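**Q** The structure is given below, and queries will be raised subsequently.
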Amino acid sequence: MAIQVYNTLTRTKQTFVPKEPQQVGIYVCGVTPYSETHLGHARPSVIWDVIKRYLRRWNYQVLHVQNFTDVDDKIIAKAQERGVDALELSAYYSQDYLESMDALGIERADVYPRVSEEMDVIIDMIETLVEQGHAYEAEGSVFFAVASFSEYGRLSNQRLEELQSGTRFEVDPNKRSAMDFALWKAAKPDEPSWDSPFGPGRPGWHIECSAMARKYLGENFDFHGGGTDLIFPHHENEIAQSKGATGSPGARYWLHSGMLNLKEEKMSKSTGHFLTIKEALQHYPKELLRFYVLSAHYRSELEFHDEKLDEVRRGWQRLNQFVRELRSSVGEELPVPCPLSGAEQQLKEDIAEHRRRFDDAMCDDFNTALAIAVLFDLMKVVRSYMEQAAASAENRYAQSLALQSFTELGSDVLGVVQWHDTESEAPKDGYMDAAMRLILDVRQRLRQEKNFELADQIRSELQDAGIVLEDTPDGTRWKVE
RNA sequence: GGCGGCAUAGCCAAGUGGUAAGGCGGAGCUCUGCAAAAGCUCUAUUCCCCAGUUCGAAUCUGGGUGCCGCCUCCA
């Protein structure tokens, strides 16, 4: 079996063949840090996190590079508005980004190059482009000459003439053609600038990704990722720059994730229409947010609504509750492997079958929605086994195989199954616990005396206070809503 | 105007030629003093519409309708 990925560049699903055996180079476009990290950023992050984890299951060694575009018009504008240093501002929001990602359980990239620290390779690439005849200087700025690159428009499937006719913004008079884009912007007063052979200034938006990806991943590396909103012009321009300078478009597989909309409108920093990751995490556990993001294919659009989250929450809880039960049934100590027969052997085969289906799903362009469905199917199979199985060494070993699968697939790969019982982390302090124990004891006595009226009243009034009681055969559980 | 995508049950959502996964919700049942929780069972003769190709279409082709994204900073 091989991994198939949908490549925007070819607009087909292709078999993934790494440049180097068992090694994968990934460049994912990061953020321009000038505002809080929002849920829109969570989508590609979660997806690439899962892709990385999955590739490792195939024993690939992953090198993941993700940039911070910390020199940019928006950053400078906001810094001036607030009267702070532009780099300090971007450092602050870069940190916010990293913290948000950590909080979502996303593994960090191996390298986080920043424009401000990579001027040499950026300038180097601009010089090469000028030498190759793909770029020209004008009044201290350098522009990429789109006309010099015949393949321009291939990624976004646009023809140059059409693009030009659609141009609505004010064109820099120094440009030879309206579609040309800046590689180097001449310094303006009161703006941060760096020295270069073209004079003081700063890089344009797209060049940093081409230069930094090349520096850390080389030419012709494996994956380049980002949201669909980056296809044009960002990635189109990156390809033009990379191919113009090196002959290689940079990456061989271009993967784009769909937008995450908030109440039917795309989240966007510039419009202020967004929900930050930190805000969302106050209401929803990270595993639930990941579950939600992964419940749709990464290329499709996804709506974010509080109600939608609440809708999927129940199913997610059932899955987690089941894994908790399985974990406690298996116990702390890992059972010793032993030969299986009968129902245990059947379960072992069922597990293997579901693992195959999980891999089939993930290998088909990382179909996480299908992969999650496989986990639900497996849950059902394991549960029906557990209901009829008698305790034995074989039984415990068979269950541990099931648990191992949920751990590997649900936690290690997808990160949707919780490791710990978060209910125990609910606000239950010592005093509260003692008080509740007393109340439950009294109520239990009432129930034994068949004074159900009063017992139910206690439950009902606690419920109004936000404390839910559940009478089970093993006693009464309580939790804070 | 150009480019691209999407349309599957009340909702979310897989499924690219072989007769509709999964989740939520809903209904019934089991358990329970009751409730909750949990479990079990059921829940689309049909995939936006119309034509066509085919033994066979949600899947392919043509036409139509609707929604969305990009074309300007964006993940």
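**Q** Quick test of your reading of the structure: A:Gln66 fulfils all but one of (1) more than 19 Å from A:Leu255 (Cβ to Cβ); (2) in contact with a Gly (Cβ under 6 Å, 6 or more places away or on another chain). Name the failing condition by number.
**A** Result: A:Gln66 fails condition (1) only.
**Q** Looking at region A:276-291, can you tell me whether even one residue there is outside the structural domain of A:His134 (by TED's automatic domain parsing), on the phi < 0 side of the Ramachandran plot, within 11 Å of RNA strand B (Cβ to nearest atom) and at pLDDT 95 or above?
**A** Checked region A:276-291: at least one residue is outside the structural domain of A:His134 (by TED's automatic domain parsing), on the phi < 0 side of the Ramachandran plot, within 11 Å of RNA strand B (Cβ to nearest atom) and at pLDDT 95 or above.
**Q** Which ranges mark the helices (runs of 4 or more DSSP H) fully within region A:344-459 that have 1 or more residues being within 30 Å of A:Asp49 (Cβ to Cβ) and of a type in the set (Val, Ile, Thr)?
**A** Passing ranges, in order: A:368-388.
**Q** Follow-up. Against the condition of a type in the set (Val, Ile, Thr), closer than 30 Å to A:Leu414 by Cα and either within 27 Å of the chain's Cα centre (by Cα) or more than 15 Å from RNA strand B (Cβ to nearest atom) (or both), how does A:Val115 come out, does it pass?
**A** Judged against the criteria, A:Val115 is not a match.
**Q** Taking helices (runs of 4 or more DSSP H) that fall entirely within region A:194-310, which contain at least 3 residues that are closer than 29 Å to A:Thr10 by Cα and in contact with a His (Cβ under 8 Å, 6 or more places away or on another chain)?
**A** Those helices (runs of 4 or more DSSP H) span A:236-246.
**Q** Given the criterion under 28 Å from A:Thr276 (Cβ atoms) and assigned by TED's automatic domain parsing to the domain that holds A:Asp96, identify the matching residue among A:Val24, A:Val31.
**A** After ruling out the rest, the residue left standing is A:Val31.
**Q** Taking region A:213-253 only, how many residues are more than 22 Å from A:Thr32 (Cβ to Cβ) and basic (Lys, Arg)?
**A** Of the residues in region A:213-253, 2 are more than 22 Å from A:Thr32 (Cβ to Cβ) and basic (Lys, Arg).
Conditions (1) of a type outside the set (Lys, Arg); (2) crowded, with 17+ Cβ neighbours inside 10 Å; (3) outside any strand (DSSP E or B), marked per residue:
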| residue | (1), (2), (3) |
| --- | --- |
| A:Tyr97 | yes, yes, yes |
| A:Met101 | yes, yes, yes |
| A:Gly105 | yes, yes, yes |
| A:Arg108 | no, no, yes |
| A:Ile122 | yes, yes, yes |
| A:Thr128 | yes, no, yes |
| A:Gly133 | yes, no, yes |
| A:Glu137 | yes, yes, no |
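**Q** Can you tell me which residue among A:Val46, A:Val24, A:Val62, A:Val28 is of a type in the set (A, V, I, L, M), farther than 21 Å from A:Ser295 by Cα and within 12 Å of RNA strand B (Cβ to nearest atom)?
**A** Just a single option satisfies the conditions, and that option is A:Val28.
**Q** Give the residues of region A:216-226 that are open to solvent by 10 Å² or more (accessible area, probe 1.4 Å) and within 6 Å of RNA strand B (Cβ to nearest atom), sorted by residue number.
**A** none
**Q** Restricting to region A:320-334, name every residue that is in a helix (DSSP H, G or I) and either under 15 Å from A:Leu39 (Cβ atoms) or more than 21 Å from the chain's Cα centre (by Cα) (or both).
**A** Answer for region A:320-334, where residues must be in a helix (DSSP H, G or I) and either under 15 Å from A:Leu39 (Cβ atoms) or more than 21 Å from the chain's Cα centre (by Cα) (or both): A:Gln321, A:Phe322, A:Val323, A:Arg324, A:Glu325, A:Leu326, A:Arg327, A:Ser328, A:Ser329, A:Val330.
**Q** Do we find a residue being part of a loop (DSSP other than H, G, I, E, B), within 14 Å of RNA strand B (Cβ to nearest atom), in contact with a strand residue (DSSP E or B) (Cβ under 9 Å, 6 or more places away or on another chain) and within 24 Å of A:Tyr298 (Cβ to Cβ) anywhere in region A:155-162?
**A** Within region A:155-162, one or more residues are part of a loop (DSSP other than H, G, I, E, B), within 14 Å of RNA strand B (Cβ to nearest atom), in contact with a strand residue (DSSP E or B) (Cβ under 9 Å, 6 or more places away or on another chain) and within 24 Å of A:Tyr298 (Cβ to Cβ).
**Q** Further, regarding this structure: Any idea which of (1) assigned by TED's automatic domain parsing to the domain that holds A:Asp412; (2) of a type in the set (S, T, N, Q); (3) near RNA strand B (Cβ under 8 Å from one of its atoms) is the one A:Ser329 doesn't satisfy?
**A** It is condition (3) that A:Ser329 fails.
**Q** Another question, then. Specify which of the listed residues (A:Asp464, A:Asp412, A:Asp474, A:Asp377) is near RNA strand B (Cβ under 9 Å from one of its atoms) and out of contact with any Phe, Trp or Tyr (no Cβ under 6 Å at 6 or more places or on another chain).
**A** Of A:Asp464, A:Asp412, A:Asp474, A:Asp377, the one residue that is near RNA strand B (Cβ under 9 Å from one of its atoms) and out of contact with any Phe, Trp or Tyr (no Cβ under 6 Å at 6 or more places or on another chain) is A:Asp377.
The values are calculated or read from the model by the stated rules, or taken from the named source; none is laboratory data. Predicted model, so just to flag it, every value in this text is computed and none were measured. Positions of Cβ are generated from backbone atoms using ideal geometry, with glycine treated the same way; all protein chains shown enter the neighbour counts. Ligands, DNA and RNA are stripped out before the accessible areas are found, and what is left, the full protein with its side chains, is counted by its heavy atoms. Shrake-Rupley method; radii C 1.70, N 1.55, O 1.52, S 1.80 Å.
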